[in-house]
C-alpha cells in the first residue's frame with residue numbers, strides 16, 4: 001500500500017547551482033519513494049502526468065518504476081510548485097506573526113524576530 005503524505009523537502013542554501021538544487025530534491029524524493037511515501041513534488045507531477053499514477057500504484061520495488069517516476073518528476077513542475085507552496089506557507093506564517101498585538105517588550109520583539117527567522121530557515125535549510 002502506498003501512503004500519500006505531503007512532505008516538503010529541504011531547500012538548498014542561496015548560491016547553490018540549479019544542479020545542486022535538483023540533486024537535493026531528488027535525494028529526498030527518492031528516499032521517501034522507497035519507503036512508499038509520495039511527497040508534494042511527486043503529487044504535483046501526477047497531476048501533470050496522470051499515467052504516473054499507475055507507476056506509483058505498482059510501488060517502487062522495481063528499479064524501473066523508480067526511474068520512470070523520477071523521469072516524469074523531472075519533466076514536471078512538481079519541484080517548482082512545491083517551492084511555491086512552501087513560500088506561500090512561509091508568507092502566511094510571517095503574516096500571522098506580524099498580526100500579533102504590538103509590544104515594546106524587548107523579549108517579545110526578539111522572540112517574534114526569531115519566529116520569522118525560523119520560517120525562512122525552513123525553506124533555506126540543506127539538511
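The values are calculated or read from the model by the stated rules, or taken from the named source; none is laboratory data. Note that this is a predicted model, so its numbers are computed, not measured. As a convention, Cβ positions derive from the backbone with ideal geometry for all residues, glycine included, and neighbour counts pool all protein chains shown.
Observations
- Scope the range 94-127; condition assigned to a helix (DSSP H, G or I), in contact with a helix residue (DSSP H, G or I) (Cβ under 8 Å, 6 or more places away or on another chain) and within 30 Å of residue 26 (Cα to Cα); matching residues: 94, 115, 116, 119, 120, 122, 123
- Residues in the range 56-68 include at least one that is at negative phi, surrounded by 14 or more Cβ atoms within 10 Å (Cβ to Cβ), assigned to a loop (DSSP other than H, G, I, E, B) and under 21 Å from the mean Cα position of the chain (by Cα).
Here is a yes/no grid of residues against (1) closer than 28 Å to residue 34 by Cβ; (2) at pLDDT below 90:
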{"site": "74", "(1), (2)": "yes, yes"}
{"site": "81", "(1), (2)": "yes, no"}
{"site": "100", "(1), (2)": "no, no"}
{"site": "103", "(1), (2)": "no, no"}
{"site": "107", "(1), (2)": "no, no"}
{"site": "113", "(1), (2)": "no, no"}
{"site": "118", "(1), (2)": "no, no"}
{"site": "121", "(1), (2)": "yes, yes"}
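- Residues in the range 35-69 that are under 15 Å from residue 85 (Cβ atoms) and touching a residue at least 40 places away in the same chain (Cβ under 8 Å): 39, 40, 41.
- Count of the range 45-55 residues which are surrounded by fewer than 20 Cβ atoms within 10 Å (Cβ to Cβ) and touching a helix residue (DSSP H, G or I) at 6+ places or on another chain (Cβ under 9 Å): 5
- Screening residue 3 with (1) in contact with a strand residue (DSSP E or B) (Cβ under 6 Å, 6 or more places away or on another chain); (2) modelled with pLDDT of 85 or more; (3) surrounded by fewer than 14 Cβ atoms within 10 Å (Cβ to Cβ) gives one miss only, at (2).
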